[in-house]
Amino acid sequence: MIEESLVFWSGALIFIASFLIFIILENRNNSRKEMFSSHIFVSFITVISYLVMALALSTVNAENGQPIYWTRWLFYVGSCSILTLDIATISKKSNSKKAEVALLTALTMFCGFLASVIITSDRWWFFGLSTMAYILMLFTLFKSSRNNATNISTIMWFVMITWSLFPVVWVLAPTGFGILEADIVAISYLVLDLITKIGFGIYITMKH
């Protein structure tokens, strides 16, 4: 079994590298400067998140004794809101809709934080609220993008499929039913972060 701390330290180093890469790309591609800037911030926020988890600064223990690193969801409030705001900008949404998407994303992650830090059955109330906010966020993104270019539709489906794996991991992790061990959960979240932040960031900055 792999220690979660090793996964977290690896995540911190990977996102430090992505932070530097996005800075380099920004300097080489001035026409896409705005998009690169947002992913610089996303990478930086994620570095902090992984350092906090690597140092185990704030954790709780689930009912089965496994550690829950609930701080990741607080940092998702910032990083994921930036990502969905980028998507809203690409799909040419109005300022009010951009604010709506960002707020729904923040609510999704904040309720996810509450569901993670509460170890009693009351956590499912907040998991339900997080799911509701997430569905509304997806609906808002898809609704406004029906008449946009094909690559926008591709982005929407990418978000719906990959982001929907996060709550699946949450349910299987010690935060939910405790089917997965903490180290497997840490690896799963790291892989999803790599796909949804670094991979996705490079894709949309190259395309737009």
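For Asn64, the conditions (1) farther than 23 Å from Ile195 by Cα; (2) in contact with a helix residue (DSSP H, G or I) (Cβ under 9 Å, 6 or more places away or on another chain) all hold with the exception of (2). Out of the range 117-136, which residues are outside any helix (DSSP H, G or I) and of a type in the set (D, E, K, R)? Hit for the range 117-136 is Asp122, nothing else. Taking Ala54, is it over 13 Å from the mean Cα position of the chain (by Cα) and closer than 19 Å to Gly11 by Cα? In short, yes. Do we find that Phe158 is assigned to a helix (DSSP H, G or I) and out of contact with any Ser or Thr (no Cβ under 6 Å at 6 or more places or on another chain) in this structure? It is true that Phe158 is assigned to a helix (DSSP H, G or I) and out of contact with any Ser or Thr (no Cβ under 6 Å at 6 or more places or on another chain). Just one of the listed residues (Met156, Met160, Met137, Met109) is under 16 Å from Gly78 (Cβ atoms) and either among the aromatic types (Phe, Trp, Tyr) or at pLDDT below 95 (or both), and it is Met137. Using the structure shown, decide if Leu114 is touching a Phe, Trp or Tyr at 6+ places or on another chain (Cβ under 8 Å), part of a helix (DSSP H, G or I) and free of Cβ contacts under 8 Å to residues at least 24 places away in the same chain. Spelling it out, Leu114 is indeed touching a Phe, Trp or Tyr at 6+ places or on another chain (Cβ under 8 Å), part of a helix (DSSP H, G or I) and free of Cβ contacts under 8 Å to residues at least 24 places away in the same chain.
This table checks each residue for (1) surrounded by 16 or more Cβ atoms within 10 Å (Cβ to Cβ); (2) of a type in the set (Val, Ile, Thr); (3) without any contact (Cβ under 8 Å) to a residue 24 or more places away in the chain.
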| site | (1), (2), (3) |
| --- | --- |
| Ser188 | yes, no, yes |
| Val191 | no, yes, yes |
| Ile195 | no, yes, no |
| Phe200 | yes, no, no |
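Quick one: would you say Lys143 is touching a Ser or Thr at 6+ places or on another chain (Cβ under 9 Å) and among the charged types (D, E, K, R)? When the stated conditions are applied, Lys143 does not pass them. The lone criterion from (1) assigned to a loop (DSSP other than H, G, I, E, B); (2) under 25 Å from Met53 (Cα atoms) left unmet by Lys93 is number (2). Got at least one residue in the range 60-71 being over 19 Å from Val169 (Cα atoms) and buried (at least 18 other Cβ atoms within 10 Å of the Cβ)? Checked the range 60-71: no residue is over 19 Å from Val169 (Cα atoms) and buried (at least 18 other Cβ atoms within 10 Å of the Cβ). When you scan the range 53-69, do you find a residue that is of a type in the set (A, V, I, L, M, F, W, C), modelled with pLDDT of 90 or more and part of a helix (DSSP H, G or I), even just one? Checking the range 53-69: at least one residue is of a type in the set (A, V, I, L, M, F, W, C), modelled with pLDDT of 90 or more and part of a helix (DSSP H, G or I). Is it the case that Val169 is buried (at least 20 other Cβ atoms within 10 Å of the Cβ), more than 30 Å from Leu25 (Cα to Cα) and either modelled with pLDDT of 95 or more or not polar (S, T, N, Q) (or both)? Criteria not met by Val169.
The values are calculated or read from the model by the stated rules, or taken from the named source; none is laboratory data. No experiment lies behind these values; they were computed from the predicted model shown. So basically every Cβ, Gly included, is an ideal-geometry build from the backbone, and we count neighbours across all protein chains shown.
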